[in-house]
Each structure stands twice: as C-alpha cells, then as structure tokens.
Amino acid sequence: MIRVLVVDDHEMIRTSVSEALGAALDIEVVGSCVDGQEALGAAAVSRPDVVLMDLSMPRLDGVEATRRLMAHEPGTRVVIFTSAVRGRQVNEALAAGAVSCVFKNADTSEVIAAVRAAVA
C-alpha cells in the first residue's frame, strides 16, 4: 500500500485528488494539508511514502516545504502537483529533492501513475 499525503491550498482540489487516489486499490491517502507548514507536521506523524505537493501556497510554499521535508524525512518521495508551468519553480523543487512533477490538468490515471512511479 502506498501511503500518500495531499498538500494543496484549494479545498476542492485536495478533496477531489484525495478521493481519486483513494479509489486506487494500492493507494491509501493518509491526510491532506492546506500548506507546506501543515504538511511538515502531518508528514512527521503519518509517515507517507509520497507527498503530492502544490507549489504555490500560503505560509510555506512547495519548494521550501520540499527542502525541509527532505532534511527531516529523506525517505519520503515528493511529487510536485501544479497548475502553473513555471520552469524555475519546478526546477527549484526538483533540486530540493522532489522526484517528479505532474500538472493539475492531467488525467486521474496520470496522477496515480506519478504516485506509483515515485516509489517504484
């Protein structure tokens, strides 16, 4: 079972993505968070295999949250989940330790595949 934490500041996205991921037989959504700061605390408690991380969020953005998460939970895989095609931000997140990026306009099957690939 792949344990996933969903991090996005938009409730509708968090809920929809969590439901879609939870429908996969090999994925368990262990929580959802509104920003990177909340994600750090939740990851320490829930120990997800994968964090699906938005880039643009209040308090702590996805790049800095990824950087901090990798320092404290180096075994966790981060998949960036974004709607904005900002090469600089995506590259910064990958440099911080994210393993891949999937765009929010992707099909559900693509998001699930990105989560699975992160732990493969």
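Tell me yes or no: at least one residue of region 47-58 is at pLDDT below 95 and either surrounded by fewer than 19 Cβ atoms within 10 Å (Cβ to Cβ) or among the polar types (S, T, N, Q) (or both).
Yes, region 47-58 contains a residue that is at pLDDT below 95 and either surrounded by fewer than 19 Cβ atoms within 10 Å (Cβ to Cβ) or among the polar types (S, T, N, Q) (or both).
Considering Ala71, Ala95, which residue is out of contact with any His (no Cβ under 9 Å at 6 or more places or on another chain), over 23 Å from Val45 (Cα atoms) and at pLDDT 95 or above?
Only one candidate qualifies: Ala95.
Is it the case, given these coordinates, that Thr82 is in contact with a Cys (Cβ under 8 Å, 6 or more places away or on another chain), hydroxyl-bearing (Ser, Thr, Tyr) and closer than 20 Å to Ile13 by Cα?
Judged against the criteria, Thr82 is a match.
Scanning region 20-36 for residues that are of a type in the set (A, V, I, L, M) and within 15 Å of Val111 (Cβ to Cβ), which turns out surrounded by the fewest Cβ atoms within 10 Å (Cβ to Cβ)?
If we take residues in region 20-36 being of a type in the set (A, V, I, L, M) and within 15 Å of Val111 (Cβ to Cβ), then Ala23 is surrounded by the fewest Cβ atoms within 10 Å (Cβ to Cβ).
Determine whether Glu28 is within 21 Å of Ile2 (Cβ to Cβ) and modelled with pLDDT under 95.
In short, no.
Considering region 6-43 alone, what residues qualify as being part of a helix (DSSP H, G or I) and within 16 Å of Gly62 (Cβ to Cβ)?
Ile13, Arg14, Val17, Gly36, Gln37, Glu38, Ala39, Leu40, Gly41, Ala42, Ala43
Could you say whether any residue in region 112-119 is small (Gly, Ala, Ser), farther than 17 Å from Leu40 by Cβ, out of contact with any Lys or Arg (no Cβ under 9 Å at 6 or more places or on another chain) and crowded, with 19+ Cβ neighbours inside 10 Å?
yes
Would you say Arg59 is at positive phi and of a type outside the set (Val, Ile, Thr)?
yes
I'd like to check which helices (runs of 4 or more DSSP H) are fully inside region 45-120 and have at least 2 residues that are within 20 Å of Ala24 (Cβ to Cβ).
Helices (runs of 4 or more DSSP H) meeting the threshold: 108-119.
Residues are listed down the side, and each one gets a yes or a no for (1) out of contact with any helix residue (DSSP H, G or I) (no Cβ under 9 Å at 6 or more places or on another chain); (2) closer than 13 Å to Val7 by Cβ; (3) surrounded by 17 or more Cβ atoms within 10 Å (Cβ to Cβ); (4) among the basic types (Lys, Arg):
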position	(1), (2), (3), (4)
Ala65	no, yes, yes, no
Leu69	no, yes, yes, no
His72	no, no, no, no
Thr76	no, yes, yes, no
Thr82	no, yes, yes, no
Gly87	yes, no, no, no
Glu92	no, no, yes, no
Ala98	no, yes, yes, no
Cys101	no, no, yes, no
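The values are calculated or read from the model by the stated rules, or taken from the named source; none is laboratory data. Remember, predicted model here, so these are calculated numbers, not experimental data. For neighbour counting, all protein chains shown are included, and Cβ atoms are generated from backbone atoms with ideal geometry for every residue, glycine included.
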